[in-house]
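The values are calculated or read from the model by the stated rules, or taken from the named source; none is laboratory data. All values reported here derive from a predicted model rather than from experimental measurement. FYI the Cβ positions are ideal-geometry reconstructions off the backbone, even for glycines, and counts take in every protein chain you see. Only protein heavy atoms, including side chains, enter the accessible area calculation; ligands, DNA and RNA are left aside. Shrake-Rupley method; radii C 1.70, N 1.55, O 1.52, S 1.80 Å.
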Amino acid sequence: MYKKQNSLGTPAHKTNPFDSDSDSEGPSRAQSVPVRRTNQSVQELEDYAITKARETTHKVNDCVRAAEAIREDATQTMLTLHRQGEQIMRSHQVAADIEQDLTVSEKLLGSLGGLFSKSWRPKRNQQIKGPVSGNNYSATTANHTEQRWKLGIAPARQERPSHVQTTPVSAMEKIQAERSKQDDALSDLCSTLGQLKEMAVDMGTEIDRQNKALVPFSDDVDELNFRLKGANQRGRRLLGK
């Protein structure tokens with residue numbers, strides 16, 4: 001009975017062995033944690049920042065090279081459009097010259113056939129106008145040097161004045177040097193994109209001009225075909241007699 005009462009009366013001081021271990025070993029473990037060397041961590045951060053700055057510079061330079069390649073392709077497209085426009089003008093002028101020769105032929109065919117034959121007059125739906133005056137087109141192609149400069153195929157652009165630069169030593173100086181390169185590359189990229197915009201506007205203007213020039217050209221060709229059919233019919237009738 002006494003043993004049972006003693007066991008019930010005395011408070012039980014049972015504790016978790018893990019808690020006791022942690023409580024007792026806590027201060028010793030905290031003291032045993034190694035302290036990082038700040039110099040090494042700062043050096044790693046600086047190297048990382050320099051590496052990222054150089055990667056950004058390479059990416060910006062890649063963008064500049066891509067824009068320049070697009071500009072070269074656009075230059076060739078622009079030159080092709082101008083040659084195409086000149087071809088349309090020449091073809092339309094040839095059609096106008098054919099109309100003059102056809103007029104002479106129609107007069108000869110009308111005078112043939114004898115005294116008792118009916119007079120023949122060629123039918124005409126409309127007057128052939130020929131190519132539209134290319135004053136605006138001549139103005140755009142007159143100054144070839146200026147046009148080549150706009151197309152980006154003029155002599156090499158003026159380089160920026162070279163500044164005397166010292167070799168960067170510290171990390172901040174290296175990062176600042178990379179930023180300067182990025183600024184120069186971004187400036188070139190903006191200039192190239194501006195040229196591409198102007199070239200795109202010129203392409204649109206040239207295409208619109210050619211589309212407008214094709215309408216009267218097509219009408220004149222249709223009129224020539226109609227008059228040629230009439231002249232051929234007149235010639236066959238004369239040969240049949």
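Tabulated results
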| read-out | value |
| --- | --- |
| Flag for Thr51 being modelled with pLDDT under 95, open to solvent by 30 Å² or more (accessible area, probe 1.4 Å) and within 23 Å of Gln210 (Cβ to Cβ) | no |
| Residues within the range 210-227 that are in contact (Cβ under 8 Å) with a residue 60 or more places away in the chain, open to solvent by less than 60 Å² (accessible area, probe 1.4 Å) and of a type outside the set (A, V, I, L, M, F, W, C), tallied | 5 |
| Members of the range 188-241 that are polar (S, T, N, Q), more than 15 Å from Thr77 (Cα to Cα) and within 13 Å of the chain's Cα centre (by Cα) | Ser191, Thr192 |
| Selection within the range 55-78 - open to solvent by 40 Å² or more (accessible area, probe 1.4 Å), aliphatic (A, V, I, L, M) and touching a helix residue (DSSP H, G or I) at 6+ places or on another chain (Cβ under 7 Å) | Ile70 |
| In the range 94-125, the residues that are surrounded by 13 or more Cβ atoms within 10 Å (Cβ to Cβ) and not hydrophobic (A, V, I, L, M, F, W, C) | Glu99, Thr103, Ser105, Glu106, Gly110, Gly113, Pro122, Arg124 |
| Candidate set: the range 165-194, residues that are of a type in the set (Gly, Ala, Ser) and assigned to a helix (DSSP H, G or I); chosen: the one surrounded by the fewest Cβ atoms within 10 Å (Cβ to Cβ) | Gly194 |
| Any pair with Cβ under 9 angstrom, 6 or more apart, that starts in the range 82-106 at a residue that is over 17 Å from Gln126 (Cα atoms) and ends at one that is of a type in the set (Lys, Arg) and in a helix (DSSP H, G or I) | Gly85/Arg209 |
| Residue match in the range 197-213 (condition: at pLDDT 55 or above, touching a His at 6+ places or on another chain (Cβ under 8 Å) and at negative phi) | yes |
| Of the criteria (1) within 31 Å of the chain's Cα centre (by Cα); (2) open to solvent by less than 40 Å² (accessible area, probe 1.4 Å), which one Ile128 fails | (1) |
| Filtered residues of the range 54-81 (kept if among the charged types (D, E, K, R) and free of Cβ contacts under 8 Å to residues at least 24 places away in the same chain) | Glu55, Lys59, Asp62, Arg65, Asp73 |
